[in-house]
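The values are calculated or read from the model by the stated rules, or taken from the named source; none is laboratory data. Just so we're clear, the structure is a prediction, and the values are computed from it rather than from any experiment. Note that each Cβ is placed from the backbone with ideal geometry, even for glycine, and that neighbours are counted across all protein chains shown. With ligands, DNA and RNA removed, areas are computed over all heavy atoms of the protein, side chains included. Shrake-Rupley method; radii C 1.70, N 1.55, O 1.52, S 1.80 Å.
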Amino acid sequence: MRNTTKTFTFLSIPISLLIATYILIFNMEKIPNPWPVILQYTSYILFPLGMILGSRFNKSKVFFLCLILGLSQLALSYDGLILGGNNEVNKVFDTISFLIPINILLFSILRERGILTPWGKIRFGFILFQIFLIWWITKPSNNSIQSLISHKIIDLEYGSIIPMPQISILLFFLTFLLLSIRMFIKPTLMDSSFIGVVLAIFSGLFIKDKPLSLDILFSLSGLILIIGIIESSYSMAYSDQLTKIPARRALMESLMKLGNRYTIAMIDIDFFKKFNDKYGHDAGDEVLKMVASILKNVNGGGRAFRYGGEEFTILFPGKTMNRVIPHLEELRETIEKEQYMYKKKRKVKGKKKIVSKKLCVTVSIGVAEKNDKYKTPKEVMKGADKALYRAKKKGRNCVKK
């Protein structure tokens, strides 16, 4: 359920942009000059910008997709000038519409390997190979290959009005399906952008005869990729990658937004270093994720952050200390009762077996509020830290103020 909600949230931006773009395309006659001319060449700004951002933020997937889509649009926009005959133009369109979904799927699932690395050079080589392939396929002597791409899988009554080869439509559908399954299993902002690109490019190719539709929808795909970079980079900066809750940078910004009344709690996992030494860092990471998943569901208007290591912070804007302590006690009890299933491979009588063990952890909590003694967020945090130290001295697994 959580993955489904996150998937639809991530997809909301590209889908909204696609709907707005459709409205624009079907109302182009109402758009005053010089906007149609600007829209025609917008993609030649967006694709290079996407490549620059992809290089800067280590998003090689976006870099190569922007390069591929930019070259594809150039070929589709100027193939008539370069090739001359209408038959050759159709060959280029059919071949590119066949290759684009393959490229989107391939480059979206490949791991980030850099741009000027050996892996990046291989990808540049793959793109150059495809440019040669398009030139080779469109030669008159290779009509048999072009006929294969243009082959009708199903003989439809209105098949002649469909501008794309049926095999290209099938490839777009399979790409959309595979990316959607991947998205539902593990939602990410970049995967939602790739799905948006699939829909935008397919729409542009399908309604290519509509004035400026190809240019506008290719521009939209570039915009979606740029937004994807910005959103994912923001998420990396402000969200802790391990626990998936807001990180320390987000905490520092939230502290500056607090009003005249607030309470801050500092939470620390008891004996976490000993736990790591005994069961390993992988088990420690799982425990951190387990504790964070409980903390982020805190009641009373609180918001949890990972402060660093095994320490967390919860802000309660507009709340007094006495009002939040019951919610903190509830958190402490929930964590105490939660069990983590530890599994390890061991040799038992010469055979490898997986040994399972239920483990539990506890937390100590210190809490402080803004008052005459603690007047700033920094001072309140120090007060909560002192209370946390007292909780440790009192035997841990308790809340102290």
Computed for segment 213-271: size of charge dipole around the Cα centre, +1 on C-beta of each Lys and Arg, -1 on C-beta of each Asp and Glu, debye to nearest 20, value 220
Sorted by chain and then number, the residues having a modelled amide H within less than 5 Å of the amide H of T188, at least 5 places away or on another chain, are none
Expressed per residue, the solvent accessible area of the chain in Å² (1.4 Å probe) is about 55
Share of accessible surface on carbon and sulfur in the chain, whole %, 1.4 Å probe and ligands ignored, is 61
The size of the Cβ-based charge dipole (Lys, Arg +1; Asp, Glu -1) of the chain about the Cα centre, to the nearest 20 debye, is 3120
At q = 0.11, 0.19, 0.20 Å⁻¹, the log10 of I(q)/I(0) for segment 1-74 from a Debye sum over equal Cα scatterers comes to -0.43, -1.00, -1.03
With the charge dipole of segment 85-198 built from beta-carbon charges (+1 for Lys and Arg, -1 for Asp and Glu) about the Cα centre, the Cα from T175, F93, S141 projecting farthest to the positive end belongs to T175
By the Cα gyration tensor axes a ≥ b ≥ c (a/c under 1.5 gives rounded; else a/b larger than b/c gives prolate, otherwise oblate), the shape of segment 221-268 is oblate
Whole-Hz Karplus couplings 3J(HN,Hα) for segment 261-276, θ = phi - 60° and coefficients 6.51, -1.76, 1.60, Gly and Pro as x, run 9, 6, 10, 10, 10, 10, 10, 9, 6, 5, 6, 5, 4, 5, 4, 4
Taking a ≥ b ≥ c as the square roots of the eigenvalues of the Cα gyration tensor, with a/c under 1.5 meaning rounded and otherwise prolate when a/b exceeds b/c and oblate if not, segment 163-290 is oblate
If each part is reduced to its alpha-carbon centroid, segment 115-155 and segment 260-330 end up apart, in Å, by 54
Cα-only Rg/Rh for segment 108-235 with Kirkwood Rh rounds to 1.01
Rg/Rh over Cα atoms for segment 229-333, Kirkwood Rh, comes to 1.00
With x for Gly and Pro, the residue-by-residue ³J(HN,Hα) of segment 281-294, computed from phi through the Karplus equation 6.51 cos²θ - 1.76 cosθ + 1.60 at θ = phi - 60° and given in whole Hz, is 5, 5, 5, x, 5, 5, 5, 4, 5, 5, 5, 4, 5, 7
With the convex hull built on the alpha-carbon atoms of segment 87-178, volume per residue in Å³ sits at 102
Trypsin sites (Lys or Arg not before Pro) in segment 355-387 lying in a DSSP loop, each with at most 15 other Cβ atoms within 10 Å of its Cβ, come to K373, K375
Note on the chain: C-alpha Rg/Rh, Kirkwood Rh, two decimals, gives 1.12
Here the relative contact order (percent) of the chain, from C-alpha pairs under 8 Å and at least 6 apart, is 15
